[in-house]
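Written below as structure tokens is the structure these notes are about.
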Ligand SMILES: Cc1cc2nc3c(=O)[nH]c(=O)nc-3n(C[C@H](O)[C@H](O)[C@H](O)COP(=O)(O)OP(=O)(O)OC[C@H]3O[C@@H](n4cnc5c(N)ncnc54)[C@H](O)[C@@H]3O)c2cc1C
Ligand code: SF4
Ligand code: FES
Ligand code: FES
């Protein structure tokens, strides 16, 4: 049996009380929402919070508001979003990303907040304690060396969230609340460069709201690569958002994920595409440029060389779908 | 995130021996249960309530054999705490049969050979029951999607889909989707 370690369990009633408890308990406390990422991590002894602060009774962080913008409470389940017909019509790329996460049963449990704050993943990390001891622990947890890149001073564990690249491409903002106050950041600002320090969110901050601005005439698409049609995390992912002016690109956001610790905003590709017609030649060139930003290492399913190649194929398909 | 185990030390075992007392509503009955607070619902059901119909597979959310219904929704009991399970209606495979005998799904699974080793069967039965609650005549496509969180190593899935479709047909003919599935 892979049992959970022991912990103190608290279940506050709202976001403010959650923040207060996090401050009181200090850095050994962690939020648990659906538990679908945290509990496996606790069983494998990656993350060992002394106190679990559960959001199960925190109803002020559930629900979706749709005005011009779409505001999603962090504690909304993935299934709740999947069943939201208006969300499916208004933000089909986000809906596709949500619907591609794991399995229907898991989506009954997992939340979008947990998906945004998902721990980074690596073949040498997502293993039980005995396995990790067997080859000696790695830098991300309990050890000193990176088994993927032994000379590296940073960890290359992969941001494997499906919703994150779409949220970044759509220009979403995250609201973070602590006893020190509230702040709102651009989605991309949430993520750190290193697989160990993968979030810029402070430990006492609660992610409360995800706000996606009015998308106007822009259209978006999400493409996920994985071995099986269910269960699997992405091994490469592309989110693209394009706003056209006639047949020319007025504005474009292109984001890669699951190819490194931080989602990659393809800035030079975006610049290249602006003002151009999405001809097959332009799309081909953009795909080549974008793939340069992807530096996958061999720490997920599939070979890293193949993942790099497939990034450019998927960028082509994504832009092709938006043409 | 931050490692808290000491390298080289053994994985910290659960140290808390004090048990939590709680009332869990399982298969339509309130049960007073005492369990150690770090236990998952799967462990509480199997070890503290002797309800071993819910199977113990990967323990990490990767197989679906531990599926139970919580307020009618399929959930993975290996990733829910016992502590988080109060105030909800929990249904396990032991609760599927009604006063008139087995649930139509249980009959068709047996008739069509949708269970071979049977290890995945409780999870499939409960997920299928929830699907048929929502959709009395699900398409094959819906079934494939909705059951994609339950793995089966034996049947190749075809017989499982056929058994669910036959049960759905019989339930429609009887005119009531919860026939045989209600609790005493
Ligand atoms: C078999 C399996 C397959 C999976 N496949 C995928 C997949 O394909 N794609 C994918 O993206 N994910 C996948 N996941 C990961 C995970 O299930 C989902 O990302 C899910 O959305 C996590 O949400 P949760 O509510 O369960 O998070 P939890 O486990 O509760 O929390 C995850 C992390 O977020 C933090 N957190 C949660 N909510 C907040 C908040 N409001 N404020 C601050 N911090 C918070 C927690 O402290 C924790 O660190 C998979 C998991 C499993 C077990
Ligand atoms: S990338 Fe290196 S340090 Fe990071 S989890 Fe993998 S092996 Fe460990
Ligand atoms: S035992 Fe729960 S999903 Fe495998
Ligand atoms: S019948 Fe053996 S795993 Fe499904």
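The values are calculated or read from the model by the stated rules, or taken from the named source; none is laboratory data. What you are looking at is a predicted structure, and each value in this text was computed from that prediction instead of being measured. Positions of Cβ are generated from backbone atoms using ideal geometry, with glycine treated the same way; all protein chains shown enter the neighbour counts.
Observations on the model:
- Residue in segment A:225-236 that is within 14 Å of another protein chain (Cβ to nearest Cβ), part of a loop (DSSP other than H, G, I, E, B) and in contact with a strand residue (DSSP E or B) (Cβ under 8 Å, 6 or more places away or on another chain) present: yes
- Residue in segment B:132-173 that is farthest from the other protein chains (Cβ to nearest Cβ), counting only those that are closer than 15 Å to residue B:68 by Cβ and surrounded by 20 or more Cβ atoms within 10 Å (Cβ to Cβ): B:150
- Checking every residue in segment B:131-150 against the condition of being modelled with pLDDT of 95 or more, near ligand 4 (Cβ under 9 Å from one of its atoms) and either outside any helix (DSSP H, G or I) or over 22 Å from residue A:232 (Cα atoms) (or both) gives at least one match.
- Yes/no for residue A:204 being in the same structural domain as residue A:292 (by TED's automatic domain parsing) and in contact with a strand residue (DSSP E or B) (Cβ under 9 Å, 6 or more places away or on another chain): no
- Of B:40, B:52, B:67, all but one fail to be more than 10 Å from chain A (Cβ to nearest Cβ) and within 14 Å of ligand 3 (Cβ to nearest atom); the exception is B:52.
- Yes/no for residue A:173 being in contact with a helix residue (DSSP H, G or I) (Cβ under 7 Å, 6 or more places away or on another chain), surrounded by fewer than 22 Cβ atoms within 10 Å (Cβ to Cβ), under 30 Å from residue A:24 (Cβ atoms) and within 14 Å of chain B (Cβ to nearest Cβ): no
- Number of positions in segment A:124-174 that are assigned to a helix (DSSP H, G or I) and farther than 26 Å from residue A:223 by Cα: 6
- Residue check, residue B:63 within 16 Å of ligand 4 (Cβ to nearest atom) and either surrounded by 22 or more Cβ atoms within 10 Å (Cβ to Cβ) or in contact (Cβ under 8 Å) with a residue 24 or more places away in the chain (or both): yes
- Residues that are at pLDDT 95 or above, surrounded by 21 or more Cβ atoms within 10 Å (Cβ to Cβ) and within 11 Å of chain B (Cβ to nearest Cβ) are absent from segment A:81-89 altogether.
- The single residue among A:117, A:138 that is buried (at least 20 other Cβ atoms within 10 Å of the Cβ), touching a helix residue (DSSP H, G or I) at 6+ places or on another chain (Cβ under 9 Å), closer than 23 Å to residue A:262 by Cβ and free of Cβ contacts under 8 Å to residues at least 60 places away in the same chain turns out to be A:138.
- Criterion applied to A:99, A:127 was being in contact (Cβ under 8 Å) with a residue 40 or more places away in the chain and surrounded by fewer than 22 Cβ atoms within 10 Å (Cβ to Cβ), and the one residue passing it is A:127.
- From the list A:258, A:321, A:239, the lone residue that is under 22 Å from residue A:97 (Cβ atoms) and at pLDDT below 95 is A:321.
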